[in-house]
Every structure is written in C-alpha cells, then in structure tokens.
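Here is the structure we will look at, set down as structure tokens.
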2 protein chains.
Amino acid sequence: MLSDIEICRSASLKNISDIALGAGLTTDEFQPLGLHKAKVSLESLKRLEDKPKGKLVLVTAITPTPLGEGKTVTTIGLSQGLAAINQSAMACVRQPSMGPVFGVKGGAAGGGYSQVAPMEQLNLHLTGDIHSVTAAHNLASAAIDARLYHEQREGAEAFEQRSGLKALNIDPKRIVWRRVLDHNDRALRMITVGRNEEGKSINGFEREDGFDISAASELMAILALAENLQDLRKRIGRTVLAYNQNGEPLTAEDFQVAGAMTVTMKDAIEPTLMQTLEGVPTLIHAGPFANIAHGNSSIIADNIALRLADYVVTEGGFGSDMGFEKACNIKATAAKQSPDCAVVVATLRGLKANSGLYDLRPGTPLPDSIFHDDTHALVAGFENLKWHINNVKKYGVPVVVAINRFPQDSTQELEQLSSLISEFDDTVSVAVSEAFGKGGEGAIDLAKAVVASCQNPAQFKPLYTTEQSLEEKLMAVAEVGYGASSLTLSNKAKLQLAEFKKHGFDHLSVCLAKTPLSISTEAHVKGAPTQFDVPVRELKLCAGAGFVYALCGNVMTMPGLPDKPAFMSLDINEDGEITGLS
Amino acid sequence: MLSDIEICRSASLKNISDIALGAGLTTDEFQPLGLHKAKVSLESLKRLEDKPKGKLVLVTAITPTPLGEGKTVTTIGLSQGLAAINQSAMACVRQPSMGPVFGVKGGAAGGGYSQVAPMEQLNLHLTGDIHSVTAAHNLASAAIDARLYHEQREGAEAFEQRSGLKALNIDPKRIVWRRVLDHNDRALRMITVGRNEEGKSINGFEREDGFDISAASELMAILALAENLQDLRKRIGRTVLAYNQNGEPLTAEDFQVAGAMTVTMKDAIEPTLMQTLEGVPTLIHAGPFANIAHGNSSIIADNIALRLADYVVTEGGFGSDMGFEKACNIKATAAKQSPDCAVVVATLRGLKANSGLYDLRPGTPLPDSIFHDDTHALVAGFENLKWHINNVKKYGVPVVVAINRFPQDSTQELEQLSSLISEFDDTVSVAVSEAFGKGGEGAIDLAKAVVASCQNPAQFKPLYTTEQSLEEKLMAVAEVGYGASSLTLSNKAKLQLAEFKKHGFDHLSVCLAKTPLSISTEAHVKGAPTQFDVPVRELKLCAGAGFVYALCGNVMTMPGLPDKPAFMSLDINEDGEITGLS
C-alpha cells in the first residue's frame, strides 16, 4: 500500500470553492486561501439560523495504546461512508499541533484512504490559527512582565503618576499565565525569565516561568468554546493572568490587553474548510488538549456544519473517559448541543494491549506477538471496551462500536470480538471499518449503523449541572464518570477551591487532567479498574474557557523530543515537494 | 484628516487577482489568499527569465529621529507617483513585525494616502511568513536542547549505540542559536532553560539562553537573501547552531534539522502580493532588521518585480549608513543586482533634530518648537543630509532627495532646504513629496525626478569584494563607509576573526550592527561626525545568511514594552472591526 502522503498526492482534489458551494455556503460566506483551504465566515450562521440541525456523531475510543486506535481515520472514513450511502455529511476535526508532527506522532490528518487533504497543509501551519493563539497568548505574557517591571522599577505611586494607569500590584509569585510555543521542547518547561547581568535590571524582574505547548493554552480552549467573536472577546477578558498582592485575580481586562489579544485571534475565529480524499467537506477548528482542556474541535465549526449537513462527524481526544466525557460535560453545556450518537473505536491490537498482558511503552513499536490470535488477551482486554460502552450509555447517548480493521487482523478474531459485543449488550451496534484501506467504501457498514442509531433520539444527560459546587462536580466525574471509589483533594486543592468560590468561580465546569492511558489516574493500570482513588494534586483556573482543571497525577503540558525525532526524516526534494511526512 | 485605518477602510481596493493579472502574472503563478492577498509562485521567474529588468529604486533616508522620516510613505507614494505619470511601477517592502505594532511604533504600512492595504492584514500575521520563521527557528532550538539532553543523559557512547546516530558532543557553553518570538518582551532577553525540580533531570540540561525578536533571526535574513527554495535549503543547512567540545562548528545539517526547517518555511519563500491604496502592485517579503542583519526586503521579490515592472521601488531600513549600505554591500552582491537610483528622504523636522539643538528622546513626542522656522537648526542639521548624499554617491548611485512634507511645514523653510541642496551639489535632484496627504498625485514631482535620474546609468561599486579578509571588510565599512577615523577590534573580536578564518568563513560579507540614531556608534552624536572610532565588541557568525555581524555598541535584539504600550488601545468594535490600530 502507498504511504499516506503518496495517497494524498495522487488524489484528485476539488477546488475548495466547489466544496464550499456544494456544502451549501454562498460565495460571500467563505474566502478561499489557495486552492484547497477556505476560511468560513460566521455570517453564514445568521443566514442558516432557521435551518434544522443535522445529527452530531461523536467518535471516541477505548483506552488508547501508543499506536493510537485510528479515531481520526474512523471519523474521516465515517463521513466518507455516509456520503457513499448518499447522506449529506461533514466532518469537524481539530487542527494538528506541529510539535508532535516533528516529534514522535507525526501528522494527524487521518490516514490511508481516509485523510483530510492536502495532509501537508493540514499538518503544517494550516491557515495560521495555532500561530495566532501562540501570538495572542505570549502578548499577554509580555504584558504581564512589562507591567511588573515598570511598576516595580518606579514604585506604584510614581508609576501611576507618570503613566496615568492604576497600579496592579502584581504578586510576582502568583503569575499563573505561562508562555506557549507550538513545539515539543522540554528545555522550556521550567525556565527563569527576566535575568540580568550583574548589577543591572534592564531585562525586567527575575522570576520562575515556563512554556506549555500551544494546544495547552487557555486561549485554545476558548477558541474551541466561543460562540462568536464577541464571545471570544468577553472570554479573553475574563482570563485570569495573575493575582495582586491582596490575592485578588487580575484578568486580561485588567492588563488592558484583552482587546489586542482578540485582534490577534480575529481570523482564527473562522473555521478552515478542507476536504477528505473523497471530497467530503471538513471543518478544521481549534486544537485543545483532552487532559488540561476539553479536547474537542470548536462549537462554531459544529454549529456551521450542523446547519449544512444531515450528519456531522466529530471526535473527542483519547478514550471516552477523556474527550467524550469533556464533550458531554463541558462542550455540550457551553454549546447547548449534545451528541446524537457516539462511535467507540476499538482495534484488536488495542484491546489486547488493554489486557495488561503486553508490556507496551510509549515511543517503542508494539511486539509482533500482539498481531497473532490470542483469545485470552482479547477477552481480557474486552473489559476495557465494555467499560467505554457503559460510559457512553451513562450520558444517554446511543453507541455504535467501530472495529477499525488493520490489514494483519484475523477474520476469526474480528468475528469473536463482534460476538463478545453482541453478547454483552445487544442494544449496541457493531461494524467493522476498513476506512484506512478502502476509504468510504470500507465504512459503509459503519455509516449504516450510525444512521440507524441516530433514529433513536438520545436521552442526553450530563454528569452535573453548573449550579453544583466545584467539589461536587469533581466528585461526579471521578465517581460517576470514572467509577472511582473516591476522590481525594490535596490541601492545596482544598484551599484553591475555597479561593475560587470566594472569587465567584463556583459555577464553572470541571476538567480532570489525568493520564489517557488508563481509566484510572495511573498509566499502568489497564482494563476496567474499579477500586481506585482519584487524587487531585492541584487546580488551575480557566475562567475564560469556563472550567477549572484538576491535575490528577502527572500531566505533561510541554512534550519533549525523543533522541531520533520525526523531523530528521523531513526534507524537500529537487522538485520542492515535501518528503518524509507521515 | 482621517486616520490611517479610516483612509484604508474607505479605499475601494481591487480584487488581488486583478492586481496580479494587471501586473503581468498568469493565473497559475499566484494563489489568492482571500480578496486582498496572494502568494506569488517562484515559477513566474522561470517564465519571465528573458524579459528585460526594470530599474531598481532604493529609498533611504537621513539619520532617523524618533518619529521616523516617512520612508515607507515615500516608497509607497513614489510607486503611486510613477503610476500617476503612466510608468509601470511596483513596490517591494518588508513584512512588519508584530512586536512594534503592539509596542511603541505601531504599524508599518506607510500612512495617509500612501499605504499598503488592507493595513490591518499587513500589520497582523499577513500570510504567516514571520510565524514560519519563528517556528523553523525554534524547531532548531528544540533540536539542540533535545540532543544535548539525550547525549548528556546517556553519555556519547550509549547514545550512539541506542540511537544509531553519531554523537555531536555539543559544548553547552557554546550554543550560539538563541530562540525567537515576534514580540517585544524584555523578560525573555536573558533566561535560564532546562531547569529542573530538585534532584530531577527530566526537563533537560540547564543553561543560559535568551529570545530575540523574530526579525533578528538569521532565518529572516536568509529568507531575504535566498535565490529560491533550494538555495534556502542550502543556506539553512549551513547555519551554525553550536560548537562541539573540540571547538568545531555544528550546523543545522549536523543536527539533521535543516530539512524540517526548510519544510516549515516552504510557503514563506513565496512573496505576498498586495496593493497600495491606488492599486499599485506591492510585494511584501521578509523583514530582517537593519542592524544585526541587512534590513531590506527580499531578493526574490525584487527579482519578480523587476521582470514585471519598469520601476521597482524598495527601501532599506534606517539611514543610508544602515539599510542602504547593507543593500549595496550584502544584498547587491548576493543578488548580482544593484540599485539604479537612490532616494534620500529628508524632513524639515528631521534635519532640525539632526542639528543637535533639540533634546529628543525615543518614545516621547517632539517639542513644539521644532515645527517653527529655525534657520539656524536647519542649516546645522543639513550637514547630516550632505553626509547621506555623499554616502550614496560613494557607491556610484544617482541621488534624488525627497523632502517629505508635513502639513505644518513652512513653504519658506522648504524652499530654503531646496536651495541648500542645489547649492551643495547641482547633480542632485530635489523634489518635495506630499505623498502622505495626497497619495500618488503628491509624489509626481518626485516620480519625474526619479525617472530622469534613472536615465543616467549608475556606476555601482560596493565598498569591498568577497576576496578581502573579514577585517579588511569591516575597515572598509567603518572608514570608507562611515568615514570613521579608526576601527578597533576587542580581543574577543580578534580571536573570533581568527576562528572564523580557520573554519573557512573569511569570504562572508560583513554587517555592522550599530545605533541607527547616529552615523557614529554613539546615539547622541548628531549631524555628520568625522573624528570617531568604531569599536567592535563582538562578532556573530551568520554562515547561512552569508555574513558576519559586528556588534558596535549596544544593539537591542529584543525590544521591551513601554509602560503604556500601543496594545492598550486595540480592540474590536461591535461590528467585529479592529479599532485603535495605527
């Protein structure tokens, strides 16, 4: 089989204007950026306001393994499968971060014959939205350090007299807004800024700081959750950047930088329209992480797509305990729009890996033995799929299991897995997807199952309401959501809860940041754990995004590069084409 | 008079496709990005190869004052003036950095009725080229720190065995590649990276580092000097990122990151086509500083424009001792293309400021008195203009002086200045430009003077040849170029010259980084100083860009924000339009 980039290059793509017009946009509602990308205007939402909404299909997965279960392949493949059975369909996916493209993971455009195209444009820069997030975020950082410097240098009183501004009296120990870059760069995780040559102070006030990857910026979460540009402006204004010497929060509004941050992100508010290899219109918008943020593409993109297509396929990051949970408890609440159907992607290799019988490590290839028939491991790993099926049902959302087939998979094992699922719950549809190798045609069974499933109206119910306290919400996700036996708040977290309540943040949603590699908070615990505690080390306030995230275990917000990173194989050839991108 | 952004918004701009086709490009040679920007393919150069080249007009200025002399206004205005007298004209300018847009200076699109439009698109992101430079640059930084970490953690031998790569044995004290961001952020000038919690080492190897603004990246200079994508690839491969423990240079090629850096900058190699308010096609490409780099827009843009138009107007940063000198000694050599005419922009206020009779400070408004008739100050300041006229003539380039008129300027003083110039040198043409207030019509006299001047073929002669030693080249710029009485190398600089020679870098050009506010290396020395020394503190190697830059005095490569930065006035209004941008 050809490589992803070879398949993508050999596809005959349509002009993006034809894709846009075919999707039902009018010429003044999109701006082509070259032949294969277009920015979609939010004006379209006004015209389409009264059109009935399509069905929202949310693709999730079992607990992931280092190779990934093919969630994006299934998302793109399903949208193509729906089109193949003459349904009007669109896909909505996140913009890939360039860090992983150059690091370990490679691109995130799907793969095989189910890709967003052109994949090199999707994976590199796209239309600059992540760069805008990075720029707006670091503008706030520069604003904080500049203000700290000027106020400290002169003293509050002199500062006020000269500048005509009110002193903010920033507590340099409580600056909570780190910097961001769209790179995997471990050396930037912990840094000291504002260092000076001996005896000088021209470089500002020395303090500890660090960089996260841009996908971890609160602005990325805000972009994904904002309703429109004015809402983006308000949310940015609410972001808490630091605290003053009296312990009161200082927002981007207080720093008078919220307007400029919004201006910086003005074009980013528009989703980017692309196409799948089979010409299904696909909106790319925002790319928040699914641990310290909610891990789903934007509400704006969903809203546009739902007015244009009968079926909108989107995905939540990691397993259903992560992106799906957050889609239901954070995104659905903000959007007032819940999923009509969930597709749980499972693979034979992934389930066997979830048996705990294989010693898998991130960054190293899977052992050969996992590709051979191994009923024992499959049955053991099936516990994990059962957990995810039950988890989706908790929210009242109909479930379809998509078995993402790899060429090496044995027919016998595939049949065995289908039987296991039917025996476990005959209300759950199952379909084998060969979207990777066959594109939409390989996803026709899955598409039919999804269409059938969407006939039953979902009885959607999130795990908590905004009126509950932050602590109750955390408990709901841990105990009802994960099935943990307890949630333990550190002393620090307890103090923070009290502080957030005092400052009026008790109405926010909660976002548990834990390992995606286990349903529990410990990566090595496989399958479907039951007796476990969720320890909350620390809380982080995202007042603009509208949630508080809880650090449960170690969560990396700035990845590192391995010793032989993916960038080493990238180059241009003599024709100026990109080589080595996967 | 309306504000710049009001004028820009009220202009009726053409569709960029019409601009491109009108300029002589074919439909497959440009890609529209929205209505008012297009990327121009380098394929156009192949088709146009045999077309005769137009005249290259280089706009420079007297020694600048804090307010600027209106060089970009004159560049854009002149291109409009040429069009107004039915000449085929294009302009080529640099992409503005977002740091100054949010800091003190504001945008850099020209002003009044001589602007590149839409100015908010030019000033913010444009087509993402600076973001690409930033991303490619910091990818190299991540590569360096990751390699250092992996080799140090395991030891060279174990690293080689496991990774199959040859150990680079980086000397952590000699990593010469700093990081970059497109912000004014003084706190990042000196930082410590790779810090770890007590007893851990997961965040890498702790070392001193810092950020420059992206315009100061060597990659920005490379983008401006590269001939095409393959040349970009080679130049990036030659960049020296660090030295090994034996003192030998380690290049981007050695780190196996040059390919990925080029891939990251692949779209940036194409100039962006925009238009002036009067529809003159304008290429925007690259934005290197005019102190630590050569301060001119790209060779690629010039090459395309020179095949399409009879007159191409471009500008060099700061006064003629800075951007113009570097255009002649660095860019012209790399491009094998020299200017046919130079326009020296002068203002009454600027000349009076150069008299040394006014106490001007950056960031504070000019005193009222400078706007009143003051023959004494004008005559004294005229010494500076004389110096710049003579400087341009040193290179054998015909001179036109453009007096950029401000509304407050007195007719009497304007006439006086014209007389002073004619008396000083009757071979120099003089024209008053009212491009700011009247657009192209206000620059017709200037356009006529430029056309007349271009009838005399330039006898171009740079100050040095590549065969000369680096030290001889430095002396040539200081003594012949600036008219200094001496050049003094620090001991460090002497050792560096010897090292560069040993590593085969003696053929590179030189780039003197000094204050732009004086012809000498000391900002407070006004007028036309004669007896002064040029002290070279330190040298920096830019092997990819093809020059060594010499730090003469303090040169800031990461600006800071003032206490009341420009970003405070930026916002969006209820219609979603940007307000407060100037």
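Where a number appears in this text, it was derived from the coordinates with a stated rule and is not lab data. Remember, predicted model here, so these are calculated numbers, not experimental data. With ideal geometry, Cβ positions are generated from the backbone for all residues, glycine too; neighbour counts draw on all protein chains shown.
What to note about this one:
- On Cα atoms only, tilt of A:299-308 relative to the major axis of chain A in degrees: 40
- DSSP-defined antiparallel bridges as percent of all bridges, the protein assembly as shown, nearest 5: 45
- Residues whose amide H falls under 5 Å from that of A:V534, counting only those 5 or more places apart or on a different chain, are A:S486, A:L487, A:T488, with hydrogens built in the peptide plane.
- Whole-number D in µm² s⁻¹ for region A:1-64, Kirkwood Cα-pair radius fed into Stokes-Einstein, 10 °C, 1.306 mPa s: 108
- Antiparallel content of DSSP bridges confined to region B:129-265, in %, to 5: 75
- The aspartates and glutamates within cross-link reach of B:K492, meaning a Cα-to-Cα straight distance under 13 Å and a gap of 8 or more places when in the same chain, are B:E538.
- Set against the 2.2 N^0.38 Å expectation for a compact globular protein, region B:110-160 has a Cα radius of gyration ratio of 2.11.
- For region B:152-160, 3J(HN,Hα) per residue [Karplus equation, 6.51 cos²θ - 1.76 cosθ + 1.60, θ = phi - 60°, Hz, x = Gly/Pro]: 5, 5, 9, x, 4, 5, 4, 4, 5
- Dipole of chain B [Lys/Arg +1, Asp/Glu -1 at C-beta], most positive-end residue of B:V104, B:S10, B:I236: B:I236
- Each residue of region A:259-272 was assigned a 3J(HN,Hα) from its phi angle through the Karplus expression (A = 6.51, B = -1.76, C = 1.60, θ = phi - 60°), giving x, 5, 5, 5, 4, 4, 9, 4, 6, 5, 5, 8, x, 9 Hz with x at Gly and Pro.
- Taking other C-beta atoms within 10 angstrom as a stand-in for reagent exposure, B:E151, B:E383 fall in the order B:E383, B:E151, fewest first.
- Taking amide H as placed 1.01 Å from N in the peptide plane, the amide H of B:A543 sits under 5 Å from that of B:V240, each at least 5 places away or on another chain.
- For the protein assembly as shown, the mean projected area of the C-alpha convex hull, equal to one quarter of the hull surface, is 42.7 nm².
- Distance-filtered residues of region B:70-87 - backbone nitrogen under 20 Å, label point 7 angstrom along B:Q455 Cα→Cβ: B:81-87
- Residue exposure proxy: A:L168, B:L414, A:L229, A:L2, ordered by other Cβ atoms within 10 angstrom of their Cβ from fewest to most, comes out as A:L2, B:L414, A:L229, A:L168.
- In this structure, the pairs whose alpha-carbon distance is over 21 Å, taken from A:K166/B:K564; B:K473/B:K526; A:K331/A:K473; B:K14/B:K53; B:K234/B:K336, are B:K473/B:K526; B:K14/B:K53.
- Amide H contacts of A:V345 (H built 1.01 Å from N, in plane; Pro and chain starts excluded): A:T60, A:A61, A:I62, A:A402 sit under 5 Å, all sequence-distant by 5 or more or on other chains.
- For region B:129-265, the fraction of C-alpha pairs farther apart than 18 angstrom is 57 percent.
- Net +/- balance of residues flanking A:W177 in space, Cβ distance below 11 Å, scoring K and R +1, D and E -1: 0
- Label geometry 7 Å along the beta-carbon vector: B:F424 inter-copy distances in nm: 8.6
- Placing one equal scatterer on every Cα of region B:251-355 and applying the Debye formula, the log10 ratio I(q)/I(0) at q = 0.10, 0.12, 0.22 Å⁻¹ is -0.38, -0.54, -1.28.
- Each part reduced to its alpha carbon centroid, region B:400-468 and region A:292-333 end up 61 Å apart.
- Taking Lys and Arg as +1 and Asp and Glu as -1, the other residues whose beta-carbon sits under 9 Å from that of A:N296 total +1.
- Size of electric dipole in the protein assembly as shown: Cβ of Lys, Arg +1 and of Asp, Glu -1, about Cα centre, debye, nearest 20: 740
- Bins of 5 Å, starting at 0 and running to the largest distance - Cα pair percent for region B:470-552: 3, 17, 27, 24, 16, 9, 4, 1
- Where both bridge residues fall in chain B, DSSP classifies roughly 45% of the beta bridges as antiparallel.
- A cut-off under 14 angstrom between Cβ atoms defines the neighbours of B:Q531, and their net charge, with Lys, Arg +1 and Asp, Glu -1, is -3.
- The residue list B:I222, B:V40, B:P516 was ranked by how far each Cα lies along the charge dipole of the protein assembly as shown toward its positive end, using unit charges on Cβ atoms, and B:P516 comes out on top.
- Lys/Arg +1, Asp/Glu -1 at C-beta; the protein assembly as shown dipole; positive extreme among B:T74, A:G356, B:I370: A:G356
- Per DSSP, loop GluC sites (Glu not before Pro) in region B:20-77 with at most 14 further Cβ within 10 Å: B:E49
- P(r) weight above 48 Å for chain A, C-alpha pairs, percent: 10
- Panel order for B:S485, A:S10, by other beta carbons found within 10 Å of each beta carbon, from fewest to most: A:S10, B:S485.
- Using only side-chain charges placed at the Cβ, +1 for Lys and Arg and -1 for Asp and Glu, the dipole size of chain A relative to its Cα centre rounds to 1160 debye.
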